[in-house]
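Working notes for the structure below.
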Amino acid sequence: MAKTKPITASREELLDIEKGFWTGDSAYYAANADTECLVAFPQMAQRLTNDELAKTASKPNRWRDLDVKLKGMVEPGSDIVMLTYEAHATRESGEPYAALVSTGYVHRADGWKMMFHAQTPIDAGAEAQG
């Protein structure tokens, strides 16, 4: 059986960075995403450059009432961390949104940078019944 090692990355620091991606603007994305990021959404799955990813956050205040519940975190290397969490938020339009989210970070000289991000929407009706 493989030995496990303690996670050395700060959960609070990574969750704070993560929350900023929900509420931040393009400058926030540019500062906190790696040079390339692999993204997977139901409507889009591809590799984006830092600049391309930053342009997706052109509207600040896209989300409000964000609630994040961490489901898991692994650190397969001293410079790579993966988070999985459940997110509930309200869109700018007032529509509720819920998703299971996974984000990968790589540690660079200037801090943690997002290099992978995926969201799987949760059906609010099914969630209420389940």
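Specify whether the C-alpha gyration tensor of the range 42-124 places it in the rounded, prolate or oblate class, a ≥ b ≥ c being the square roots of the eigenvalues: rounded for a/c under 1.5, otherwise prolate if a/b is larger than b/c and oblate if not. In terms of gyration-tensor shape, oblate.
State the percentage of accessible surface on the chain attributable to carbon and sulfur atoms; use a 1.4 Å probe and exclude ligands, DNA and RNA. That share works out to 53 percent.
In this structure the chain gives 59 Å² per residue of accessible area when probed at 1.4 Å with all protein chains present. Available extension along the chain between Asp16 and Lys59 is 13.5 nm, counting 0.36 nm per residue and deducting the alpha carbon span.
The values are calculated or read from the model by the stated rules, or taken from the named source; none is laboratory data. None of the values given here were measured: they were computed from a predicted structure. SASA here: full protein model, heavy atoms, side chains in, ligands and nucleic acids out. Shrake-Rupley method; radii C 1.70, N 1.55, O 1.52, S 1.80 Å.
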